[in-house]
Every structure is written in C-alpha cells, then in structure tokens.
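Reading through the structure tokens given below for one structure.
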Amino acid sequence: KQEVTQIPAALSVPEGENLVLNCSFTDSAIYNLQWFRQDPGKGLTSLLLIQSSQREQTSGRLNASLDKSSGRSTLYIAASQPGDSATYLCAVSSTGNQFYFGTGTSLTVIP
Amino acid sequence: GAGVSQSPSNKVTEKGKDVELRCDPISGHTALYWYRQSLGQGLEFLIYFQGNSAPDKSGLPSDRFSAERTGGSVSTLTIQRTQQEDSAVYLCASSLNSGRGRIQYFGAGTRLSVL
C-alpha cells in the first residue's frame with residue numbers, strides 16, 4: 001500500500017518569504033500526484049496536478065516538482081501572503097482511481 | 001453554483017442508527033470519489049465510481065458501509081449501525097475522466113458525529 005508522508009507537519013513564516021513543502025511516497029509507480037489546499041471547515045481545492053511523465057507544474061506563485069525515482073515531490077510557494085495560510089495536502093495515485101493522501105502541512109503566514 | 005454539493009453539512013446521530021450522506025457531483029463529471037477524514041489523520045479513500053463501471057469499493061472499512069450512484073450522477077453513502085469511530089468528515093469529490101488527468105473537485109463535506 002502506498003504511504004504518503006508530509007514534512008513539516010506545521011510551518012510558520014513571515015509574509016514575503018519563499019517556502020517549500022515536502023511530500024514523500026513509498027511506491028514510485030505512480031499515475032499522478034496532486035497538491036491541494038484545505039481551509040478550515042471547507043473541502044479541498046486542487047492547486048496543481050503532475051502527471052507521472054512530468055517533472056513540474058507551475059501556477060502563479062506555486063511550483064510543484066516531481067521526482068519519481070526518489071519518491072518525492074515539493075511544493076514551492078513564492079512571496080508568501082497571509083491568504084496562503086491553510087493546510088496543504090499531497091495526494092498520490094497509482095491507478096488514477098484510488099488516491100493516497102498525506103496528513104498535510106499546516107501553513108501560517110504571519111503579516 | 002456548479003461545484004460539488006454535499007448534504008447534510010452536519011449530522012449528529014446516536015450509536016446504532018443508520019445514516020445517509022448525499023453527494024451531487026459537478027454536472028458532466030463521470031468519476032466520483034468518497035473519502036473520510038478523521039481528526040488528526042489524512043484523507044482515507046472509501047469508494048470510487050466511474051461511469052457505468054463496477055465501483056472500486058476497496059477502501060470501505062466494513063460491511064456497514066455502502067454507497068450507490070444513481071443514473072451516473074448523485075451518490076449516497078450509507079453507514080449502518082453507526083459506531084463512535086465512524087465520527088469524521090466525509091468528503092465527496094468528482095472529476096472528468098480526461099487525458100489531462102483527474103483533477104478532483106471536492107465538496108465541503110459532511111461532518112458526522114456519532115454519540
């Protein structure tokens with residue numbers, strides 16, 4: 001069974017800093033990997049999806065990378081803002097059907 | 001309002017009762033997923049529907065859990081004889097089955113509390 005780990009569990013940074021969130025997975029035979037954010041009391045919002053054949057995806061201030069051989073993905077957030085405060089979740093799928101989620105990184109950006 | 005809709009948003013029930021949770025996916029999305037998010041834990045996959053294919057039920061934790069999807073649209077997750085450990089947020093997601101990949105769109109969830 002795929003196991004997904006996210007480090008750190010919590011992170012607090014001052015506004016304007018660049019930061020990196022980490023996700024590792026045990027089975028490198030993946031179909032795709034997805035990063036989400038979850039705001040308190042709300043569902044998940046998809047941020048970036050990386051197919052197994054891709055190395056990275058970018059959307060605005062966000063950049064996600066994928067290294068299948070080492071079982072790692074990173075989410076880079078540039079010039080962080082208080083509105084970025086949320087829990088960030090990484091999800092990995094081996095078949096495109098069943099997704100395995102990490103427990104998330106809780107990010108707080110301090111104004 | 002084209003997002004995934006879940007109802008009820010909150011459900012409090014007594015141990016041993018049955019509950020039904022509803023999910024209305026985004027119109028046109030052929031894939032539908034149910035997850036469970038327990039306090040302090042990651043999302044746990046429960047079941048996946050794709051079109052008219054047989055669902056992937058491999059994540060259902062026990063035979064007290066079942067789900068159906070009528071007409072390829074609305075889905076209902078049923079938990080029979082609820083237990084306190086069933087207390088969690090139940091999330092539904094839908095996606096297109098496209099070559100671009102299955103970006104999942106989530107509903108706000110149903111918070112289930114079993115007393």
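The values are calculated or read from the model by the stated rules, or taken from the named source; none is laboratory data. From a predicted model like this one, the values you see are computed outputs, not experimental measurements. Cβ placement follows ideal geometry from the backbone for every residue including glycine, while neighbour counts extend to all protein chains displayed. Ligands, DNA and RNA are excluded from the accessible area calculation, which covers all protein heavy atoms including side chains. Shrake-Rupley method; radii C 1.70, N 1.55, O 1.52, S 1.80 Å.
Okay, here's what the table says:
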item: Dipole magnitude (debye, nearest 20) for chain A, charges at Cβ of Lys, Arg, Asp, Glu; result: 200
item: Amide hydrogen neighbours beyond the local backbone of B:Ser87, cut-off 5 Å, H modeled; result: B:Val114
item: For the stretch B:51-64, Karplus couplings with θ = phi - 60° (6.51, -1.76, 1.60), whole Hz, Gly/Pro x; result: x, 9, 6, 4, x, 8, 9, 4, x, 5, x, 7, 6, 6
item: Solvent exposure of the stretch B:55-115 as accessible area per residue, Å², 1.4 Å probe; result: 45
item: Projected area, mean over directions - the stretch A:16-111, Cα convex hull, nm²; result: 6.0
item: Residue (of A:Thr58, A:Ala78, A:Asn97) at the positive-pole extreme of the stretch A:11-99, dipole from beta-carbon charges; result: A:Asn97
item: Alpha-carbon Rg/Rh ratio, for the stretch B:12-51, with Rh computed the Kirkwood way; result: 1.05
item: With every protein chain in place, the protein assembly as shown: carbon and sulfur % of accessible area (1.4 Å); result: 46
item: Surface per residue (accessible, 1.4 Å probe) for chain A, Å²; result: 45
item: Once the Cα gyration tensor of the protein assembly as shown is diagonalised, semi-axes √(5λ) in Å; result: 29, 20, 16
item: Pairwise burial A:B, computed as accessible area of each alone minus the pair, summed, 1.4 Å, Å²; result: 1500
item: Residues along the stretch B:39-58 losing 40 Å² or more of accessible surface when the other protein chains are present rather than the chain by itself (probe 1.4 Å); result: B:Leu43, B:Phe45
item: For A:Ala86, residues with placed amide H under 5 Å, excluding near neighbours; result: A:Leu107
item: Size of charge dipole - the protein assembly as shown - debye, nearest 20, with Cβ of Lys, Arg +1 and Asp, Glu -1, no other charges; result: 260
item: Global size of chain B as Cα Rg and Dmax, reported in angstrom; result: 13.6, 44
